[in-house]
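First up is the structure itself, then whatever we jot down about it.
The values are calculated or read from the model by the stated rules, or taken from the named source; none is laboratory data. Quantities reported herein were computed from a predicted structural model and do not represent experimental measurements. Cβ coordinates were reconstructed from backbone atoms using ideal geometry, including for glycine residues, and neighbour counts include every protein chain displayed.
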């Protein structure tokens, strides 16, 4: 693939806020979706002649459906609090990658067409007509945002640029300018059941192979069940776990946990994907359709619990949205939700994160681990953005930070956090989230990883850290690809259950 | 009744009407627009009470801004806190007899105008001195600060330099409230001060000053983090369930 050459930023001792350099990333344009990909999702195949009217109409439609969008477009005072918070700004220094400037790409149009001030005095309030140039800016810069929500932590009004990026992308898709990467994947998941487009037989083959590998390695017949009716747990995991390295090591870890705890479990060929790329634009309907496959599989298989594997955006959608979209959860009193709730075991949170499950099993002594098996490792933990700022684990606020760390510390002896301001709610995105994990955005991805690479470099120097654990398929894929460009070894990257897998005692 | 009085009285009736109608419409519009998904910025409170506490911290001490940038926080807080005391002090023109607590904060309000203007000056300086903030500033961002500073400075001039006839002013204000218009003291500084205030009232519901009501409607701040225990469905989204 022809990717323009670019300089890899230099890692400094601290994360520095650069002076802005106008337009330095304007050339970054993700590949647009082809006609069949677009039409498959019900979007126009190419930029329509009446794109401008369609865009304004769609914006009006979204403004009526999403309070977030309406309030966020009104409330910003241009205080500047967010300007140094985005990893893409820190890595690229393009001012349109400052969250407020990214929002303003839409806000200027909102003001022009939807507010009295912008209709009467456009220049005064920075309102602009929706021209082709503005649309091109949207396409370029709404695909340089990973929807990681870091800016929303620091905004005095909680403005979440992700909401605006999602709306921008939805409008773009709606006028015929969708993104190839995300829209192609959504087509596959809606048709086949996973982002990679793996059919059932291929999955079954792979899982059999993995069972053989585990047995050869440990001498224990750990199973990788799929489509088993009446199993207690349905595991929904990102399809990358089936094939990619280091993802597959975590899948092996989950299987060992279920085996050791004696929990009957299954995966599903029909719902073989945890990631829901419908999150990446504001298309509720597409996101709902993708999530409904999981409900349908759960009903079909008759499972009592639904557990989600290591995947950041997936966990946000599962934890925060599944109950809304599909009735997987509690508290619904309509027939649609009751049908699902009747089947689920109320003794467990639904859905449950694999880290919650494993951590509980270790703490209660139901599975045994030997952390010294990981003594060759000095581990740090990368909080994935959508887990950190869009979800929770456990019963307490902040459980998404404490539970993974508790779990890591129970299976390794050497652990060091990266510095404050780069972890927890302040964590930096890997640089590849939110639909940017595609080779045509490699420059954006590499530069966007600079803040994380800087923080990692510091714990490597200070504590000889040689493994960065994480719980997200995108983070794993992104870091194995871009960290080597900063001089790190890709074997430093892996899932928490890769560590569990080594430490767990199987009988 | 002089023409000037008539103009000012008319101006304030119109400005008050536009402010009230504009704000009520905006608040109605925010509240009727659904928030279909649970999107609090986590970690977030898991109870309603917790959300009230989170929101109170945002409103009273600007918690998120404090995390973000100490300079903006200092200037922003000085301005808003100063403004609060100044507004409280102004209640003496609207109440007869003057509420007891207004009497108490009155002397503080006098000096609060100084910290209010200092805060505004600091915020404005950032628009020139910090390259990123300069980049995002629109003409209206500058003019808004200019307007607020002009209101503050004209008020301070009357407090500290050239006193206006506050007895007559109070009669004018109470007259407006009870629809019995009284003459406005013919004082240049006062007339500038009042005209700018009326302008600010008109601008409020069509400008970024909407951040004040907006904050209370911000889903990332006002939602409870309980999506596994509580099913959250917007009306337009609930209709989708019925098709299954």
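Within the stretch A:321-349, the set of residues being at the interface with chain B (Cβ under 7 Å from one of its Cβ atoms), more than 21 Å from residue A:278 (Cα to Cα) and part of a loop (DSSP other than H, G, I, E, B) comprises A:330, A:331, A:332, A:334, A:349.
Give the residues of the stretch B:35-77 that are assigned to a loop (DSSP other than H, G, I, E, B) and surrounded by fewer than 17 Cβ atoms within 10 Å (Cβ to Cβ), sorted by residue number.
Of the residues in the stretch B:35-77, the ones assigned to a loop (DSSP other than H, G, I, E, B) are B:35-47, B:62, B:69.
Result: B:47, single match.
So, in the stretch A:64-89, exactly how many residues are on the phi < 0 side of the Ramachandran plot and at the interface with chain B (Cβ under 8 Å from one of its Cβ atoms)?
First, pick out the residues of the stretch A:64-89 that are on the phi < 0 side of the Ramachandran plot: A:64-77, A:79, A:81-89.
Those left that are additionally at the interface with chain B (Cβ under 8 Å from one of its Cβ atoms): A:64-68, A:70-72, A:74-77, A:79, A:81-85.
Within the stretch A:64-89, residues that are on the phi < 0 side of the Ramachandran plot and at the interface with chain B (Cβ under 8 Å from one of its Cβ atoms) number 18.
When the test is whether a residue is within 14 Å of chain B (Cβ to nearest Cβ), within 20 Å of residue A:20 (Cα to Cα) and at pLDDT 95 or above, residue A:99 passes it.
Rundown of residues vs (1) surrounded by fewer than 21 Cβ atoms within 10 Å (Cβ to Cβ); (2) within 14 Å of another protein chain (Cβ to nearest Cβ); (3) in contact with a strand residue (DSSP E or B) (Cβ under 9 Å, 6 or more places away or on another chain), yes/no style:
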site	(1), (2), (3)
B:154	yes, no, no
B:159	yes, no, no
B:174	yes, no, no
B:179	yes, no, no
B:190	no, no, no
B:195	yes, no, no
B:208	no, yes, no
B:214	no, yes, no
B:218	no, yes, no
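Residues of the stretch A:197-231 that are touching a helix residue (DSSP H, G or I) at 6+ places or on another chain (Cβ under 9 Å) and touching a residue at least 60 places away in the same chain (Cβ under 8 Å): A:198, A:203, A:207, A:218, A:220, A:222, A:227, A:228, A:229, A:230, A:231. Taking residue A:292 as the residue in question, decide whether it is under 16 Å from residue A:192 (Cβ atoms) and buried (at least 24 other Cβ atoms within 10 Å of the Cβ). No: the conditions fail for residue A:292. Picking from B:99, B:73, which residue would you name as being free of Cβ contacts under 8 Å to residues at least 60 places away in the same chain and more than 14 Å from every other protein chain (Cβ to nearest Cβ)? Among B:99, B:73, only B:99 is free of Cβ contacts under 8 Å to residues at least 60 places away in the same chain and more than 14 Å from every other protein chain (Cβ to nearest Cβ).
Scanning the stretch B:114-145 for residues that are facing chain A (nearest Cβ under 8 Å), over 17 Å from the mean Cα position of the chain (by Cα) and in a helix (DSSP H, G or I) yields B:126, B:131, B:132, B:133, B:135, B:136, B:139. Kindly check whether there is at least one residue in the stretch A:49-63 that is touching a residue at least 12 places away in the same chain (Cβ under 8 Å), crowded, with 24+ Cβ neighbours inside 10 Å, within 9 Å of another protein chain (Cβ to nearest Cβ) and on the phi < 0 side of the Ramachandran plot. No: zero hits. Considering A:46, A:10, the condition of being touching a strand residue (DSSP E or B) at 6+ places or on another chain (Cβ under 9 Å) and not assigned by TED's automatic domain parsing to the domain that holds residue A:459 is satisfied by A:46 alone. Out of everything in the stretch A:350-375 that is touching a residue at least 40 places away in the same chain (Cβ under 8 Å) and assigned to a loop (DSSP other than H, G, I, E, B), what residue ends up being nearest to residue A:254 (Cα to Cα)? Out of the qualifying residues, it is A:367. Flag set for residue A:127, criterion: within 11 Å of chain B (Cβ to nearest Cβ), free of Cβ contacts under 8 Å to residues at least 40 places away in the same chain, under 22 Å from residue A:62 (Cα atoms) and in a loop (DSSP other than H, G, I, E, B).
Taken as a whole, the structure places residue A:172 among residues that are buried (at least 16 other Cβ atoms within 10 Å of the Cβ) and closer than 30 Å to residue A:79 by Cβ. Residues of the stretch A:359-376 that are under 28 Å from residue A:458 (Cα atoms) and either buried (at least 21 other Cβ atoms within 10 Å of the Cβ) or within 10 Å of chain B (Cβ to nearest Cβ) (or both): A:374 alone.
Could you tell me whether residue B:92 is crowded, with 16+ Cβ neighbours inside 10 Å and either under 24 Å from residue A:149 (Cβ atoms) or within 14 Å of chain A (Cβ to nearest Cβ) (or both)? Walk me through how you get there before you give the answer.
Working: crowded, with 16+ Cβ neighbours inside 10 Å: yes; either under 24 Å from residue A:149 (Cβ atoms) or within 14 Å of chain A (Cβ to nearest Cβ) (or both): no.
In short, no.
Of all residues in the stretch A:139-167, those satisfying the criterion of being under 15 Å from residue A:436 (Cβ atoms) and over 18 Å from the mean Cα position of the chain (by Cα) are A:139, A:140, A:141. Name, by its number, the condition in (1) under 20 Å from residue A:159 (Cβ atoms); (2) touching a residue at least 24 places away in the same chain (Cβ under 8 Å); (3) away from every other protein chain (no Cβ under 11 Å); (4) surrounded by fewer than 22 Cβ atoms within 10 Å (Cβ to Cβ) that does not hold for residue A:109. Residue A:109 satisfies all of (1) under 20 Å from residue A:159 (Cβ atoms); (2) touching a residue at least 24 places away in the same chain (Cβ under 8 Å); (3) away from every other protein chain (no Cβ under 11 Å); (4) surrounded by fewer than 22 Cβ atoms within 10 Å (Cβ to Cβ) except (4).
Report yes if residue B:102 is surrounded by 16 or more Cβ atoms within 10 Å (Cβ to Cβ) and not in a helix (DSSP H, G or I), otherwise no. No, not satisfied.
Could you grab me the full set of residues in the stretch A:189-198 that are assigned to a helix (DSSP H, G or I) and either surrounded by fewer than 19 Cβ atoms within 10 Å (Cβ to Cβ) or in contact with a strand residue (DSSP E or B) (Cβ under 8 Å, 6 or more places away or on another chain) (or both)? Walk me through it before giving the result.
Of the stretch A:189-198, the ones assigned to a helix (DSSP H, G or I) are A:189-191.
Correct list: A:190, A:191.
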